[in-house]
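Input: a single structure, listed below in structure tokens.
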Amino acid sequence: MPLAALNVDPDFFLAAAGKLGKSTETAVIVGDCIWDMLAARRCRGLRVGLLAGGYGADEMERSGAVRVYEDPAALLKHLDEVG
């Protein structure tokens, strides 16, 4: 299936950044599935994966995550590694 046919539309991230008056290119986008990582990559956001969505770290990294954490607590503990 072509990538364009998958649910990798970055509109949600673009709309959120717009409401904050920021660019997605300077955002850290956290998601728990490969589709979040693919959509974040399309809008050039920094991609951080959480292993809460049923995907493994290798899958998250292959879809574009620059960092992957077990859960939000692990992300918070290592926040200095992000960005």
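The values are calculated or read from the model by the stated rules, or taken from the named source; none is laboratory data. The shown structure was predicted, so the numbers you read here are calculated from the model rather than taken from an experiment. Every residue, glycine among them, receives a Cβ derived from its backbone with ideal geometry; neighbour counts consider all protein chains shown.
Of note:
- Within segment 66-82, residues that are over 21 Å from GLY54 (Cβ atoms) sit with their Cβ atoms under 8 Å from residues that are surrounded by 12 or more Cβ atoms within 10 Å (Cβ to Cβ), at 6+ positions apart or across chains, in these pairs: HIS78/ARG67; HIS78/TYR69; GLU81/ARG67; VAL82/VAL28; VAL82/LEU46; VAL82/VAL48; VAL82/ARG67; VAL82/LEU75.
- Boolean, GLY83 is surrounded by 13 or more Cβ atoms within 10 Å (Cβ to Cβ), out of contact with any Gly (no Cβ under 7 Å at 6 or more places or on another chain), part of a loop (DSSP other than H, G, I, E, B) and small (Gly, Ala, Ser): no
- Residues (out of contact with any strand residue (DSSP E or B) (no Cβ under 7 Å at 6 or more places or on another chain), closer than 18 Å to LEU14 by Cα and outside any loop (DSSP other than H, G, I, E, B)) located in segment 37-77: LEU38, ALA39, ARG42
- Qualifying positions in segment 16-57 - of a type in the set (Lys, Arg) and either closer than 19 Å to ASP71 by Cβ or touching a helix residue (DSSP H, G or I) at 6+ places or on another chain (Cβ under 6 Å) (or both): ARG44, ARG47
- Criterion applied to GLU59, GLU70 was being surrounded by 14 or more Cβ atoms within 10 Å (Cβ to Cβ) and either within 24 Å of GLY18 (Cβ to Cβ) or modelled with pLDDT of 95 or more (or both), and the one residue passing it is GLU59.
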